[in-house]
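One structure, pasted below without further comment.
The values are calculated or read from the model by the stated rules, or taken from the named source; none is laboratory data. All figures in this text were calculated on a predicted structure; none of them were measured in a lab. FYI the Cβ positions are ideal-geometry reconstructions off the backbone, even for glycines, and counts take in every protein chain you see. Heavy atoms of the whole protein, side chains included, go into the accessibility calculation; ligands, DNA and RNA do not. Shrake-Rupley method; radii C 1.70, N 1.55, O 1.52, S 1.80 Å.
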Amino acid sequence: MPVSQNNTLKIYNSLSGKKEVFTPITPGYVGMYVCGPTVYSQVHLGNCRTFMSFDMIFRYLKHLGFKVRYVRNITDAGHLENDAEEGEDKIAKKARLEQIEPMEVVQKYTVDFHNILTQFNLLPPSIEPTATGHIIEQIQIIDEIIAKGFAYHINGSVYFDVQKFNETHDYGKLSGRKLEDMLANTRSLTAQDEKKSPQDFALWKKAEPQHIMRWPSQWGDGFPGWHLECTAMSTKYLGKTFDIHGGGMDLKFPHHECEIAQAEATNEVSPVKYWMHANMLTLNGKKMSKSTDNNILPGEIFTGENNIFSKPFTASVVRFFMMQAHYTSILDLSNEALLASEKGHSRLMDALKQLDSVVVGTHTDFDLKSWEDKCYTAMNDDFNTPILIAHLFEGVKEINLLKEGTHQISQADKVHFSAMLKAFVFDILGLKEGEEMATNSHTPALIEMLIKLRKEARDNKDFTTSDAIRDQLLALGIQLKDGAEGTTFSLS
Ligand code: AMP
Ligand code: ZN
């Protein structure tokens, strides 16, 4: 393990409200569950931030040498409009509007989700289960909760009895809410409500005749409640109690509170050791959201086709921008912020390339060991990527001193320094090398400009300059081809 032993990983646990030393249930292994997307529309950049935060966490845990089983689900049924207890299923509604099968909606937006996450260089999870693939498991859990007396069946639907549960357990312990306050602050039930209490939530909903996503059960045709799928899939693949459960801050209540209630009602043990919540990405100071127009799609940033930004930005620059904030802080997206990140990103990438060509000396001036320790201390302090990035820029400063010849570095230290920088930049932060070239929309125009300058040099018989332009472009992966029609180029 590359980390010094006195430097242990601490995680902010939303359940205790404290940073705690991370001790996995089984030494060497980590079980991590993160709530995945509801695949009824394209993922916006806010969703991507949450998944990117947990990707960085997954990457760092793996870097520390843990064997991580990372489960991230796909919600393809049961999530009703406005995250409510009544109303249309989000996927079924989209299918109705587009006049296609619900599973066509699911397929289309699952593929879109994967494509976007690949562009942002996210690693695939170990298991990516779907809600519709686990209906039987969900029905089994409902049976057990009814048998334990914490749920009731009425008119083909089953509801979780929150008040009954709260007599022996603590409903609200994650979100810090008290059931009495919740009851005092919610509207009272109307005559047509089937629930005993407004806080009760659906485990199984009876499917009305027009509801297309339906499954047979002992309570009649219906579909599972949204909170249930995560309990079924997390405990199936990670056990009754597992290490980490993550998701966006907006899922803490009611979704995660209900997950705890369901799991405790079924298994009599608390399901999760460390609850982690990633904070929201805002645009113009307001939460980015699918249901309002306040959002931007990643594709609109990569192509520059939007009214918010002055130019296109690459996926790696956007990822770097996200990593410059701590995952528990709110982050606001703006043109200025992305422009600044782009500058920082290219300074970092340039420095990495330049380190390779630094001439080695007889000794090392830089305190490499203390720099490395500071980088790990930052990451071990609840994955503090902004502090890590500040230390990486100290590394950039050192590379500049080496280039100028003000400082020296030995061969062995140069190899180690380069390996550590690359581990932090590529393996842990997940930035992508050389990506700027291929996707920046200004690149072709810039290459054409250099082709013109090279032609002018050749016309003037300045072959040193013309050859230098050709060779340096080649080193960047851009190959020039001289033909009868002039010079063309290809990107490798
Ligand atoms: P959904 O597909 O709506 O269930 O959301 C998928 C994930 O994205 C959840 O973990 C949400 O908490 C998260 N999320 C939604 N909006 C934002 C946002 N503006 N910033 C960060 N994460 C978000
Ligand atoms: Zn969930």
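Which of the listed residues, Ala232, Phe463, Phe201, is farthest toward the dipole's positive end in the chain, when Lys, Arg count +1 and Asp, Glu count -1 at the beta-carbon?
After comparing all options, I get Phe463.
If you don't mind, another one. If amide H atoms are built 1.01 Å from N in the plane of the peptide, which residues on other chains or at least 5 residues away come under 5 Å of the amide H of Gly248?
Amide H to amide H, under 5 Å and 5 or more residues apart or across chains, Gly248 pairs with Ala278.
Among 226-235, 402-411, 165-174, how do they line up from the highest to the lowest mean number of other beta-carbon atoms within 10 Å?
Sorting 226-235, 402-411, 165-174 by mean packing, highest first, produces 226-235, 165-174, 402-411.
Can I ask one more? If you average the sequence gap of Cα pairs under 8 Å that are 6 or more apart and divide by the length of the chain, what percent do you get for the contact order?
Dividing the mean separation by the residue count of the chain yields 16 percent.
Could you work out the helix-only [θ] at 222 nm for the chain, with each DSSP H run of four or more residues adding -39,500 (n - 2.57) and the total divided by the number of residues, to the nearest 500 deg cm²/dmol?
Rounded to the nearest 500, it is -13500 deg cm²/dmol.
To continue, here is another question. Going highest first, how would you order 342-353, 36-47, 420-431 by mean Cβ packing within 10 Å?
For the peptides 342-353, 36-47, 420-431, the packing ranking is 36-47, 420-431, 342-353.
For Leu333, what residues show an amide H to amide H distance below 5 Å, using hydrogens built from the backbone and excluding near sequence neighbours?
Amide H to amide H, under 5 Å and 5 or more residues apart or across chains, Leu333 pairs with Thr282, Leu283, Asn284, Gly285.
Among 482-490, 290-298, 138-146, how do they line up from the highest to the lowest mean number of other beta-carbon atoms within 10 Å?
Order by mean packing, descending: 138-146, 290-298, 482-490.
So which of Lys10/Lys240; Lys94/Lys195; Lys93/Lys148; Lys19/Lys353; Lys18/Lys195; Lys236/Lys422 end up more than 31 Å apart, counting from Cα to Cα?
Lys93/Lys148; Lys19/Lys353; Lys18/Lys195; Lys236/Lys422
Then there's this: Provide His326, His277 ordered by accessible surface of protein heavy atoms (probe 1.4 Å), highest first.
His326, His277
Sticking with this structure for a sec: Which ³J(HN,Hα) values, rounded to whole Hz and listed in residue order, are derived for the stretch 90-99 from phi using the Karplus coefficients 6.51, -1.76 and 1.60 in 6.51 cos²θ - 1.76 cosθ + 1.60 with θ = phi - 60°, glycine and proline given as x?
Once rounded to whole Hz, the list reads 4, 6, 4, 5, 4, 4, 5, 5, 8, 6.
On the protein heavy atoms, probe 1.4 angstrom, tell me the percent of accessible surface of the chain carried by carbon and sulfur.
Whole-percent figure for carbon plus sulfur exposure: 53.
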